[in-house]
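The values are calculated or read from the model by the stated rules, or taken from the named source; none is laboratory data. Since we're looking at a predicted model, the values are computed, not measured. Ideal geometry is used to build each Cβ from the backbone, glycine not excepted, and the neighbour counts take in all protein chains shown.
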Amino acid sequence: MKAIKDEFPNPVLAAGRDDYIDSCSFRTVFDENEIIVDAENIVIPTKYSLVCNGLQTLIDSGDAVVVISVKSSAASYSKLFKFPVGSTEMPISVPKFSVVTKMDIVGSVIAAHNIDNFRCDGEFNDLYFGTATFEIRKGDILATEDSRSVYVDDTELEKPISSIFDISRHDDQESDVVPNFEDEKIQIFLKNELYDLYYKFKDFNNGVLRRYAAGVIVYPVLVEAVGYVISHYQNGGESDDGTGYSGKRWFRAIDHKADAKGIDLRSYEGYPTTLANDMLGDIALDALKSFKDTLDSEMNSGETQMIGGVD
């Protein structure tokens, strides 16, 4: 928690400052147990409490607004959320893949317009300010609070491990398949022909061959990714393996997925191929079984040409 010791050109209502009388207060509230993480967003139900007639009057008249700042420095994410007029509650929705490690959250009351003669009669600390008035500029802070951190559980443990991959078309490359481990998700670039075939198989007959397609494209890339994670832990970390991938979302997802299975990658002696297959739900057997079942069905119905025929 960061203490509020900044200097301001005007009185600011905040814990730890005595610009206002003791009965005045401002704070925002959220319960971490109520935070919802869905497929795309982190949703934080928030509310605020303000006890200050002068500031409340400014808010009611539209001369001030209550906002919450959300920052994730590791991901260069920063956004200001404004409470609706007349409401002390709102949900904050933060894109899940825009934040990393933690979010720093601070509530404030800020001026919505320039105010020539700002004063909260009977609520300023008379010893400091007496009958003084202040010139306020739009955006000036009138009340604030200590920063709180919400640590991001972004490992996607409730989602299939395949969700850490993004598969896209990229014809300007020599190989048919090129993985990229530098982003938060693992990028798999496919040349045009393979990309089209992948989605043809993936979407065929309402997805009956989805596992087969994943086995062909995702499985070998996951084997490589698992190898990087094992190497990181067993070969001395980033200084030795040189990957620098431990801060990536996909790295943490693999690490936590292994941990959920009771596997400590720091001492794991098995093969990356075996672990990747297990993480994908025995993809090797399942993919071939799904292909065989579909092929048998198509051959029996005389429709094998729908998936390209057989050799």
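Taking the residues in segment 191-216 that are in contact with a Leu (Cβ under 8 Å, 6 or more places away or on another chain) and over 21 Å from D171 (Cα atoms) as candidates, determine which candidate is modelled with the lowest pLDDT.
Checking each candidate, the answer is Y212.
Please enumerate the residues belonging to segment 90-144 that are in contact with a strand residue (DSSP E or B) (Cβ under 8 Å, 6 or more places away or on another chain), among the hydrophobic types (A, V, I, L, M, F, W, C) and under 21 Å from I35 (Cα atoms).
Scanning segment 90-144 gives M90, I92, V94, V99, V100, M103, I105, V106.
May I ask you to say which residue of I59, I110, I68 is assigned to a helix (DSSP H, G or I) and at pLDDT 95 or above?
I59
Being among the hydrophobic types (A, V, I, L, M, F, W, C) and either over 37 Å from the mean Cα position of the chain (by Cα) or not in a strand (DSSP E or B) (or both) is the filter; apply it to segment 13-34 and report the residue that is surrounded by the fewest Cβ atoms within 10 Å (Cβ to Cβ).
Checking each candidate, the answer is A15.
Among residues belonging to segment 49-99 that are touching an Asp or Glu at 6+ places or on another chain (Cβ under 7 Å) and over 19 Å from F30 (Cα atoms), point out the one that is surrounded by the most Cβ atoms within 10 Å (Cβ to Cβ).
Among residues in segment 49-99 that are touching an Asp or Glu at 6+ places or on another chain (Cβ under 7 Å) and over 19 Å from F30 (Cα atoms), the one surrounded by the most Cβ atoms within 10 Å (Cβ to Cβ) is C52.
Residues in segment 245-256: is at least one of a type in the set (F, W, Y), touching a strand residue (DSSP E or B) at 6+ places or on another chain (Cβ under 8 Å), over 18 Å from R211 (Cβ atoms) and modelled with pLDDT of 85 or more?
Among the residues of segment 245-256, at least one is of a type in the set (F, W, Y), touching a strand residue (DSSP E or B) at 6+ places or on another chain (Cβ under 8 Å), over 18 Å from R211 (Cβ atoms) and modelled with pLDDT of 85 or more, which makes the answer yes.
With respect to S69, is the statement that it is farther than 29 Å from N125 by Cβ and in the same structural domain as D121 (by TED's automatic domain parsing) true?
So S69 does not fit the description; no.
Among the residues that make up segment 170-186, is at least one of them at pLDDT below 90, part of a helix (DSSP H, G or I), of a type in the set (D, E, K, R) and more than 18 Å from N277 (Cα to Cα)?
No, segment 170-186 has no match at all.
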